[in-house]
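Down below is the structure, laid out as structure tokens.
No lab work stands behind these numbers, since they all come straight from the coordinates. These numbers were taken from a predicted model, which means no experiment stands behind them. FYI the Cβ positions are ideal-geometry reconstructions off the backbone, even for glycines, and counts take in every protein chain you see.
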Amino acid sequence: MLDMPESFQLTRFASEAEWREYAAAYIEMLVNQVNTGSVSMALAGGTTPYPVYRELAQTTHLPWDHITLYQTDERYVQSQSEVSNQRELRDTLGENVINRLRGFEMFDTSLDWEESADEYAARLEHAERGLDIVVLGIGSDGHFASLFPEGPYWEHEVGSRAIISEAPAHMEVSERLSVAPRLILESSHVVILIRGERKQDVVQELACGNKSVSEFPARALLQHPRVSVWWSKE
């Protein structure tokens, strides 16, 4: 039995199908709770969240024309690259959803690496009240978005809303782009999607581990007052 912090809501599922369905329904509920007429939602890349995004696109009744989508992170590659998060998001959501969106704010990787981060930070200023919903995965090393262990952004507060970052050498594409930690921590809701029995250690460390944020970045999310964790063991 895991002793989760009070700020966390952990829901576990034995099957991936149930996990997809209930996580998507929860995100739909959060969207419908925003009563300002527009919704800002940031989506992470990585293999874990995409089944839930597909569920959102195919089975929910989201008011897509009221939603502006942002990326939490991107690999610094051309937008049509096979490893581009932007491309994967487009393919997963489908053109029907993409064309209905109020806004689809992606990193412009045709610019220089640092310029791409600066340009995206400027566009994030349009989310004046901050992001309503942020959807994240967590890597086995505790990274989320493209915010990795031992990154300089854990030791010094970052003023910008978007930054460049470097992935560990063993990962595909070392040059990364990411929203800054504070933008995630200042959002209204954080939804964490975790998949696989092998992520037991990740959930354990997140819930009651003793590593520092620099060692296991996801522990920074403990600072957020409204975090829900959706874990499929399958």
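Estimated from the Cβ-Cβ distance and a Förster radius of 35 angstrom, the FRET efficiency linking Ser79 and Ala14 is about 0.40. For the stretch 120-135, the residues whose backbone nitrogen is under 18 Å from a point 7 Å from the Cα of Leu111, taken along Cα to Cβ, are 120-128.
Run the paramagnetic zone check for Gln204: 7 angstrom along Cα to Cβ, then residues of the stretch 8-34 with backbone nitrogen under 11 Å. So the set is empty, nothing qualifies.
Hydrodynamic analysis of the stretch 40-175 uses the Kirkwood radius over alpha carbon pairs. Inserted into Stokes-Einstein at 4 °C and 1.567 mPa s, it gives a translational diffusion coefficient of 83 µm²/s.
Taking 0.36 nm per residue of separation and subtracting the Cα-Cα distance, full extension of the segment from Arg129 to Tyr22 would add 35.8 nm.
Loop-located GluC sites (Glu not before Pro) across the stretch 143-183 with a Cβ neighbour count of 16 or fewer within 10 Å are Glu150, Glu155, Glu157, Glu172, with loop assigned by DSSP. Looking only at the stretch 50-92, which residues have a backbone nitrogen under 13 Å from a spot 7 Å from the Cα of Thr36 in the C-beta direction? Counting backbone N atoms under 13 Å from the label point, the list is 67-68.
When shorter helices are ignored and each DSSP H run of at least 4 residues is given -39500 (n - 2.57), the per-residue value for the chain at 222 nm works out to -8500 deg cm²/dmol. FRET efficiency for the pair Glu172 and Arg54, taken as 1/(1 + (r/R0)^6) with r the Cβ-Cβ distance and R0 = 25 Å, rounds to 0.70.
For the stretch 152-234, trypsin sites (Lys or Arg not before Pro) are listed when DSSP marks them as loop and at most 16 other Cβ atoms sit within 10 Å of their Cβ; the list is Lys211, Arg226. With θ taken as phi - 60° and the Karplus curve 6.51 cos²θ - 1.76 cosθ + 1.60 applied, the whole-hertz 3J(HN,Hα) list for the stretch 136-149 is 10, x, 10, x, 5, 8, x, 6, 9, 6, 10, 10, 9, x Hz, x standing for glycine and proline.
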